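First up is the structure itself, then whatever we jot down about it.
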Amino acid sequence: MAANPDLSSVSQPGQATQLPALYEQEVIALQRDGIDFSINGLRHQSGKWSTRGILYLTNLRLVFVAKQADTVSGLVAFELPLAYIRRDKFNQPIFACNNLSGECWPAAPGGGPQGSLPPHVFALYFKEGGVGTFLPLYFRFIDIARDNLHQVQQQPAAPQELVATA
C-alpha cells in the first residue's frame, strides 16, 4: 500500500484524467468511477482519509485516484497491492451500496506480511454500481497474487556463503 503512487496524465476531449503509471508486465483491466474510498491508520494528522474518485483494477494492484487532492494530507491517490490485501470481504447491505472492505499491509520498509507495521483497514463503496464485472476480475487477480506471494515465501533462502561471494 502506498500513498500517492506515480500517475500519468491523459487528455481526453473536455477533461484531463490521471491514470496510474504502470509497472512492467502490469495492465489496467477495469476502471470504475463513483467510488467512495476510506482508509485508516495513515501517518498524517487525522490518521484516515475518505474521498470520492476513480478505482483502477490492474493485474497487480488496486489504485484509487481522488477527484481532487486532499488539502490537509496532500493525498491524491492510493495503491493497494493485491498480494498484501487480507480479510477482504464483499458486502451487499440492504439499505446501502455494495462495498469491498479489508486490510492491506503497507508497501514500505517494515511493511508486508513479514513486516512489523500493522495493516491498514480500507473500504471501497461502489456508489454507481459496476460490481458485476469488477468482482470476477478482482477475485481472479487476487488469487494469482496470493499464489505468487505464497510461492515466494516458500522458496528457501540462499546459503550465506553464496550471498557473501555475490
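Here Q68 meets each of (1) under 18 Å from S8 (Cα atoms); (2) part of a strand (DSSP E or B); (3) open to solvent by 60 Å² or more (accessible area, probe 1.4 Å) with one exception, condition (2). Scanning region 86-127 for residues that are without any contact (Cβ under 8 Å) to a residue 12 or more places away in the chain and not aliphatic (A, V, I, L, M) yields N91, Q92, P93, F95, P109, G110, G115, S116. What single numbered condition from (1) more than 11 Å from the chain's Cα centre (by Cα); (2) within 19 Å of G132 (Cα to Cα); (3) at pLDDT 95 or above fails to hold for R87? It is condition (2) that R87 fails.
Can you confirm whether Y23 is within 20 Å of I142 (Cα to Cα), of a type in the set (F, W, Y), surrounded by 18 or more Cβ atoms within 10 Å (Cβ to Cβ) and in contact (Cβ under 8 Å) with a residue 12 or more places away in the chain? For Y23, the condition - within 20 Å of I142 (Cα to Cα), of a type in the set (F, W, Y), surrounded by 18 or more Cβ atoms within 10 Å (Cβ to Cβ) and in contact (Cβ under 8 Å) with a residue 12 or more places away in the chain - is not met. Note on region 41-95: residues that are small (G, A, S) and within 18 Å of D6 (Cα to Cα) total 6.
In region 74-121, what residues are acidic (D, E) and open to solvent by less than 20 Å² (accessible area, probe 1.4 Å)?
Initially, region 74-121 is screened for residues acidic (D, E), giving 79, 88, 103.
Correct list: E79 only.
Across region 19-65, the qualifying residues are those that are among the polar types (S, T, N, Q) and assigned to a loop (DSSP other than H, G, I, E, B), and the one among them that is farthest from G132 (Cα to Cα) is Q45. Would you check if D33 is touching a residue at least 12 places away in the same chain (Cβ under 8 Å) and closer than 26 Å to I144 by Cβ? Answer is yes for this residue. Test R32 against the stated conditions and say whether it is within 22 Å of G102 (Cβ to Cβ) and open to solvent by 30 Å² or more (accessible area, probe 1.4 Å). Yes: the conditions hold for R32.
The values are calculated or read from the model by the stated rules, or taken from the named source; none is laboratory data. All of these numbers come straight from a predicted model, not from anything done at the bench. Using ideal geometry, Cβ is built from the backbone for each residue, glycine included, and neighbour counts are taken over all protein chains shown. Just the protein is used for accessible areas: all its heavy atoms, side chains included, with ligands, DNA and RNA removed. Shrake-Rupley method; radii C 1.70, N 1.55, O 1.52, S 1.80 Å.
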